[in-house]
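The values are calculated or read from the model by the stated rules, or taken from the named source; none is laboratory data. Computed from a predicted model, the values in this text were never measured in an experiment. Cβ atoms come from the backbone with ideal geometry, glycine included; neighbour counts cover every protein chain shown. Just so you know, the surface numbers come from the protein's heavy atoms only, side chains and all, with ligands and any DNA or RNA stripped out. Shrake-Rupley method; radii C 1.70, N 1.55, O 1.52, S 1.80 Å.
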Amino acid sequence: LSQMDASSAKFHSAVADVKKEQYTKIVDDTATQTGTIYFVRNGAATQVGAKFNPPNAQTLEYKDGTVRLYTEGTNHLQEYHNLAGYEAYLALGFGGSGKDLAKAWTVTDQGTEQISDGGKTVPVEKLDLVSKSDSVRNNFTHITIWVDPARDVSLKQVFFTPAGDTQTAIYSNIRLNQTVDFKAFAIKCSGKCS
């Protein structure tokens, strides 16, 4: 956590390739999405955007407590407001300090592992997180992250729900502190969004 504290002071942004897998236990099915994601930290504020590839093409934006999710196939835009705590999930392990992590979560260090990132092997700490908030635990019993403390980035995250579902995100080709091309992540409705 102290290594994350030191790295978080140097973290401004990250852009990465992402593979998301949503496992639904009741139907024993896994849905997979791939795309690109960015994280930008400005003080305590975080902005996140993602663009997922077809066949389930979606664009996600989190900014100023609002989540906007655009689904290309249906030309549908959903907006969720007053979600200031949502960034705790979205940006988990990307530029946050170890002190902030320990304030919000009970952290169990499960040891050092090796994960591949862009063809090279990276040592990561496997941390299991249990939220100190009852409302968060109602959504996720715990979250496991594989974090590179030297860069303060997650290479893998698994969110566990009370129903036995999991949401897994694998990040690769991580580019730190480069200018983010926000236009590449812009929500573009075809005509008027529904």
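The table below lists the values:
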quantity	calculated
Criterion (under 27 Å from Arg137 (Cβ atoms) and of a type in the set (S, T, N, Q)) met by exactly one of Ser13, Ser7, Ser97	Ser97
Residue selected from region 153-178 under the condition touching a residue at least 60 places away in the same chain (Cβ under 8 Å), part of a loop (DSSP other than H, G, I, E, B) and open to solvent by 60 Å² or more (accessible area, probe 1.4 Å), by the criterion farthest from Val15 (Cα to Cα)	Ala163
Those residues of region 116-160 which are acidic (Asp, Glu) and at pLDDT below 90, in sequence order	Asp117, Asp134, Asp152
Residue count for region 49-81, restricted to those that are closer than 19 Å to Asp17 by Cβ, in a strand (DSSP E or B) and open to solvent by 60 Å² or more (accessible area, probe 1.4 Å)	1
Checking Tyr23 against (1) surrounded by 15 or more Cβ atoms within 10 Å (Cβ to Cβ); (2) more than 21 Å from Lys183 (Cβ to Cβ); (3) modelled with pLDDT of 95 or more; (4) in contact with a Phe, Trp or Tyr (Cβ under 9 Å, 6 or more places away or on another chain), the condition it does not meet	(4)
Subset of region 37-48 (residues that are in a strand (DSSP E or B), at pLDDT below 95 and not aliphatic (A, V, I, L, M))	Phe39, Arg41, Asn42, Thr46, Gln47
Selection from region 1-29 of residues that are without any contact (Cβ under 8 Å) to a residue 12 or more places away in the chain and more than 21 Å from Trp146 (Cα to Cα)	Val27, Asp28, Asp29
Members of region 139-189 that are among the aliphatic types (A, V, I, L, M), closer than 28 Å to Leu77 by Cβ and touching a Ser or Thr at 6+ places or on another chain (Cβ under 7 Å)	Val180, Ile187
Pairs, first at positive phi in region 93-104, second of a type in the set (Phe, Trp, Tyr) and open to solvent by 20 Å² or more (accessible area, probe 1.4 Å), C-beta under 9 Å, six or more apart	Gly93/Trp146
Residue in region 117-129 that is in a loop (DSSP other than H, G, I, E, B), open to solvent by 30 Å² or more (accessible area, probe 1.4 Å) and more than 21 Å from Thr32 (Cα to Cα) present	yes
Count of region 131-152 residues which are under 18 Å from Ala169 (Cα atoms), in contact with a Phe, Trp or Tyr (Cβ under 8 Å, 6 or more places away or on another chain), outside any loop (DSSP other than H, G, I, E, B) and free of Cβ contacts under 8 Å to residues at least 40 places away in the same chain	2
